[in-house]
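The values are calculated or read from the model by the stated rules, or taken from the named source; none is laboratory data. Every value quoted in this text rests on a predicted model; they were computed, and no experiment measured them. Counting neighbours? That spans all protein chains shown, and the Cβs are built from the backbone with ideal geometry, glycine included.
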Amino acid sequence: MRKYSFKSFAVAALVAVTTLANAAEINLLNVSYDPTREFYKEYNEVFAKYWKEKTGDTVTVKQSHGGGGKQARAVLDGLEADVVTLAISYDIHQLYTKRKLIPENWQSQLPNNSSPYTSTMVFVVRKGNPKNIKDWSDLVKPGISIVTPNPKTSGGARWNYVAAWGYALKHNGNNEEAAKDFLKKLFKNAPVLDTGARGATTTFVEREIGDVLITWENEAHLVLKEFGADKFEVVVPPFSVLAEPPVTVVEDVARKHGTEEVAGAYLKYLYSKEGQELIAKHYYRPSDKEVAAKYAKQFPALELVTIAQFGGWDEFQNKHFADGGVFDKIYQP
Amino acid sequence: MKLFKQSTLASGIALALFSIPAAQAANSDALEQRIRELEARLEKFEKATAVAPAPATTAQAAPEVEKLKTKINTLERKFEVEKEVNEANALKLPKFDAGPDGFRITSQDGKHQVRIRGAVQGDGRFYAEDHGGARTAGGTATSSGLPDQFQLKQARVWLEGKFFDNIYFKIMPDFAASDLLPDAYLDYAYQSFASLSVGKQKTPLSLERLQGDADGMFLERAAPTYLASNRDVGIMLHGEFAKPGYKAEYGGPVDFKNFISYQLGVFNGAGDNGKPGADGQTKFDDKEFDGRIWAHPFQHSGYDWLEGLGLGIAGSWAHPNAGTIGTNGLSGPSYPSNISQQTIFNASSLGAQGTHIRIYPQAYWYAGPFGFMGEYVLSQYHLNAAANKNFTANNSAWQTQFSYVLTGEDATFQGVKPIRNFNPSEGTWGALQLGIRFSHLDIDPTNFSIGGLSKTTNIRQSAAWAVGLNWFLTQNAIVRADYEETDFTGGAGSGVNVWDRPKEKIFGTRFQLAF
């Protein structure tokens with residue numbers, strides 16, 4: 001048996017004491033969009049364990065969730081988020097344009113335009129699909145009641161809108177007036193516009209309102225898991241949108257909190273194998289090719305329109321969701 | 001079963017109706033109308049089910065009931081969403097407060113605030129022996145002079161507040177004063193120990209001058225006040241320190257809240273009892289440096305009776321050189337008597353010719369209903385009367401005042417807050433405070449011997465005593481009454497016959513509203 005000298009014991013003890021003495025307790029606030037609660041709750045624990053092993057520091061991540069647009073406004077109004085993980089890049093970019101809380105090039109600081117995963121928008125219908133809803137064209141039929149959040153406050157709702165807009169253009173020879181008419185009919189069938197995706201889920205599932213819920217792919221699977229596959233079905237339409245929810249460190253706040261390093265690591269870890277596995281587990285589409293291939297079966301292939309096809313979020317937002325824009329013209333509450 | 005469904009629907013309708021927040025009234029009208037329609041339909045349905053054979057009706061009614069149920073669910077959800085939106089919007093609205101401290105608009109996060117404040121003082125002055133300072137060679141007082149009168153002493157409406165949590169401001173016009181804008185400054189409170197105020201403000205010298213105009217015991221301030229400038233334009237670094245274990249509280253440019261505070265300022269230099277000219281500009285390069293340190297040495301000591309003891313010392317240094325005699329800060333000083341505010345010494349014909357220093361030891365002590373304030377000032381001017389006639393003049397003044405709140409409220413530097421406001425029908429009468437003050441002004445004889453000032457128009461000394469009664473109807477409304485007698489040495493006569501200026505015996509009243 002190897003003998004350990006007093007000296008080596010002393011050194012080990014000193015290292016341990018020094019490490020403990022230097023160990024810090026760090027708090028982060030992640031301001032996110034509505035349906036990511038369950039994912040980040042698990043991810044925060046995984047990351048905290050990883051960070052503890054790596055640095056000895058204890059990191060506690062608090063979460064704030066709501067409609068993406070509303071969340072961005074909360075940060076602009078002073079909510080001190082160390083990181084934001086929102087549904088659309090436009091909402092995050094407001095943090096630069098309105099208060100310079102983040103650098104202009106924030107989207108180039110992490111891979112894939114700072115989107116660690118993608119998703120798409122699908123339908124949830126009641127068991128047996130009694131209204132036989134299969135595609136976007138079914139949503140505008142008379143007598144169909146749809147549930148979608150308000151695109152003025154919800155990032156997910158804006159992705160829903162983009163998918164519907166893309167579908168309408170594709171099936172009407174890129175005729176914008178026809179597409180507007182399509183969206184008008186669609187929102188005429190929406191009796192309630194919740195402020196966020198989770199609220200829309202409540203409306204559809206708990207209040208039993210509507211024949212179909214248009215929502216995130218991950219949220220649709222969460223409905224099945226939490227409320228029963230015997231009550232609901234997920235319908236993946238043949239056409240939808242490539243949703244790319246981005247993430248970034250709110251540098252101005254993180255610098256003030258002294259959390260820049262850990263906030264950066266928190267987001268980078270989303271791209272790790274462990275992070276990507278967890279992403280796939282929660283039905284977000286991983287960006288890592290290996291992980292994506294491993295979970296390919298749970299993500300049906302479908303035709304996906306991108307926001308870039310409409311000139312990017314700035315252009316689309318201003319045209320459709322600004323005051324007096326297309327949405328205000330086609331939707332009358 | 002039917003009964004259960006009907007009662008469920010009725011409950012749903014009732015819930016939908018009664019959950020309408022008042023603020024949503026406009027939007028809710030349409031929803032209410034829809035609910036009424038649904039109620040009518042439900043009533044119709046109920047009548048139908050009452051006359052039709054039960055089995056067939058139940059079968060036909062089920063879809064109708066489901067339809068109504070869905071509609072009511074939808075309406076309820078709409079209300080919930082609308083309520084959520086309204087609540088979120090309400091969180092963004094600023095808060096509005098109105099109370100004894102004025103009107104206040106504050107952003108939801110508390111970082112931005114604007115306060116509207118005001119003060120009106122209506123005075124009466126009654127001169128028992130109104131000789132206007134004149135006296136015949138024989139020593140007999142003339143009957144000319146000071147008419148009894150009512151005065152609008154002050155009419156101020158001002159804005160103060162903050163932006164971004166630490167940029168404070170005050171803009172205070174006075175519509176009853178010759179100086180239309182007494183205060184206008186910004187104060188950047190970067191840290192409690194280092195803030196920077198910029199603009200027109202009180203200089204950190206005389207304790208009584210630094211007391212709020214509406215908070216003092218007497219109608220007019222005492223002699224030492226007039227050896228400090230009234231206001232000046234400049235920049236002032238100031239800060240507050242709390243006793244170890246406590247947190248410092250923002251106290252404004254001149255703080256009376258914390259354990260220790262300091263002020264260091266650079267000002268244009270308005271001279272004794274001076275203030276900036278109408279354009280706020282000075283006419284010379286040399287600046288006045290003011291400093292003050294103030295402490296509450298027994299704050300949080302556990303000795304209640306010593307907690308309100310404050311001690312401090314202030315001083316100023318300037319080096320004005322008269323290019324033109326008579327410019328603000330470049331001439332010798334002039335001083336008024338206390339309550340009559342008549343000029344009793346005027347050295348404006350002398351030019352400032354070198355260093356001007358002031359030193360102001362000062363103290364107050366407030367313990368329960370008892371209050372004390374005292375300060376001394378030495379104002380040393382270097383003056384010039386004519387070619388090769390430079391001299392030093394040491395003018396000085398002191399005052400002590402004692403007060404007692406007869407109704408038992410605490411006396412403070414910021415005034416008295418009555419425990420019970422004036423309301424005779426309920427047998428409450430507000431608060432009563434009684435005070436007495438002694439003050440003295442001493443003019444250096446060199447002003448006459450070398451400076452050549454007239455002894456028949458400028459006093460050599462004044463000694464005053466005053467008693468005052470303050471009746472606090474509320475914290476905001478005060479009725480004041482003072483009687484003050486001032487004896488003068490010199491200041492009257494003609495030619496070589498120097499007599500004492502006639503004694504001032506003045507009764508003054510004030511009704512004051514300040515918020």
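Only residues that are out of contact with any strand residue (DSSP E or B) (no Cβ under 6 Å at 6 or more places or on another chain) and free of Cβ contacts under 8 Å to residues at least 24 places away in the same chain were counted in the stretch B:98-113, giving 5. From the list A:Ala157, A:Ala179, A:Ala200, pick out the single residue that is surrounded by fewer than 24 Cβ atoms within 10 Å (Cβ to Cβ), in a helix (DSSP H, G or I), among the aliphatic types (A, V, I, L, M) and assigned by TED's automatic domain parsing to the domain that holds A:Phe227. Testing whether each residue is surrounded by fewer than 24 Cβ atoms within 10 Å (Cβ to Cβ), in a helix (DSSP H, G or I), among the aliphatic types (A, V, I, L, M) and assigned by TED's automatic domain parsing to the domain that holds A:Phe227 leaves just A:Ala179.
Right, A:Asn150: away from every other protein chain (no Cβ under 14 Å), over 22 Å from A:Ile279 (Cα atoms) and of a type outside the set (A, V, I, L, M, F, W, C) or not?
no
Taking the stretch A:241-256 as the range and being assigned to a loop (DSSP other than H, G, I, E, B) and more than 14 Å from A:Asp91 (Cα to Cα) as the test, only A:Leu242 passes.
Being within 14 Å of chain B (Cβ to nearest Cβ), of a type outside the set (Gly, Ala, Ser) and surrounded by fewer than 24 Cβ atoms within 10 Å (Cβ to Cβ) is the requirement here; does A:Pro111 meet it?
On the way: within 14 Å of chain B (Cβ to nearest Cβ): no; of a type outside the set (Gly, Ala, Ser): yes; surrounded by fewer than 24 Cβ atoms within 10 Å (Cβ to Cβ): yes.
No; evaluated as a whole, the condition is false for this residue.
Can you work out which of the residues in the stretch B:82-122 that are surrounded by fewer than 16 Cβ atoms within 10 Å (Cβ to Cβ) and part of a strand (DSSP E or B) is nearest to the other protein chains (Cβ to nearest Cβ)? Result: B:Lys95. Selection of the stretch B:463-513 for residues being under 18 Å from B:Thr343 (Cβ atoms) and among the charged types (D, E, K, R) yields B:Glu484, B:Asp487, B:Asp500, B:Arg501, B:Lys503, B:Glu504.
For every residue, the table says whether it meets (1) at positive phi; (2) of a type in the set (Ser, Thr, Tyr); (3) in a strand (DSSP E or B).
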| position | (1), (2), (3) |
| --- | --- |
| B:Arg420 | no, no, no |
| B:Ser425 | no, yes, no |
| B:Ile436 | no, no, yes |
| B:Asp444 | no, no, no |
| B:Gln475 | no, no, no |
| B:Ala492 | no, no, yes |
| B:Pro502 | no, no, no |
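Contact map, the stretch B:390-408: residues that are modelled with pLDDT of 95 or more paired with residues that are of a type in the set (Lys, Arg) and crowded, with 17+ Cβ neighbours inside 10 Å, Cβ distance under 6 Å, separation 6+ or inter-chain. Pairs shown: B:Gln401/B:Arg437.
All told, A:Ala168 falls short of being more than 12 Å from chain B (Cβ to nearest Cβ), surrounded by 23 or more Cβ atoms within 10 Å (Cβ to Cβ) and touching a Pro at 6+ places or on another chain (Cβ under 7 Å). Scan the stretch A:220-229 and tell me whether some residue there is within 14 Å of chain B (Cβ to nearest Cβ) and either under 28 Å from B:Glu84 (Cβ atoms) or crowded, with 24+ Cβ neighbours inside 10 Å (or both). No: the stretch A:220-229 contains no residue that is within 14 Å of chain B (Cβ to nearest Cβ) and either under 28 Å from B:Glu84 (Cβ atoms) or crowded, with 24+ Cβ neighbours inside 10 Å (or both).
Do the conditions hold for B:Tyr250, that is, is it under 22 Å from B:His112 (Cβ atoms), touching a residue at least 60 places away in the same chain (Cβ under 8 Å) and in a strand (DSSP E or B)?
For B:Tyr250, the condition - under 22 Å from B:His112 (Cβ atoms), touching a residue at least 60 places away in the same chain (Cβ under 8 Å) and in a strand (DSSP E or B) - is not met.
Just one of the listed residues (B:Phe126, B:Phe79) is away from every other protein chain (no Cβ under 14 Å), in contact with a Ser or Thr (Cβ under 9 Å, 6 or more places away or on another chain), of a type in the set (Phe, Trp, Tyr) and more than 30 Å from B:Tyr168 (Cβ to Cβ), and it is B:Phe126. Of the residues making up the stretch A:173-181, none is within 14 Å of chain B (Cβ to nearest Cβ) and more than 16 Å from A:Tyr33 (Cα to Cα). Whenever a residue of the stretch A:190-214 is more than 10 Å from every other protein chain (Cβ to nearest Cβ), its partners that are hydroxyl-bearing (Ser, Thr, Tyr) and crowded, with 24+ Cβ neighbours inside 10 Å, lying with C-beta atoms within less than 7 angstrom and at least six residues away or across chains, give the pairs A:Ala190/A:Thr148; A:Ala197/A:Ser154; A:Ala197/A:Thr215; A:Thr201/A:Thr215; A:Leu213/A:Thr201; A:Ile214/A:Thr148.
The set of residues in the stretch B:85-137 being over 29 Å from B:Phe175 (Cα atoms), of a type in the set (Gly, Ala, Ser), at pLDDT below 85 and out of contact with any Pro (no Cβ under 7 Å at 6 or more places or on another chain) consists of B:Ala88, B:Ala90, B:Ala128, B:Ala134, B:Ala137.
Look at B:Asp482 and say whether it is in the same structural domain as B:Thr428 (by TED's automatic domain parsing) and crowded, with 19+ Cβ neighbours inside 10 Å.
Spelling it out, B:Asp482 is indeed in the same structural domain as B:Thr428 (by TED's automatic domain parsing) and crowded, with 19+ Cβ neighbours inside 10 Å.
Can you say whether A:Gly264 is free of Cβ contacts under 8 Å to residues at least 24 places away in the same chain and either more than 14 Å from every other protein chain (Cβ to nearest Cβ) or part of a helix (DSSP H, G or I) (or both), as far as the supplied structure shows? Taking the combined requirement at face value, the residue satisfies it.
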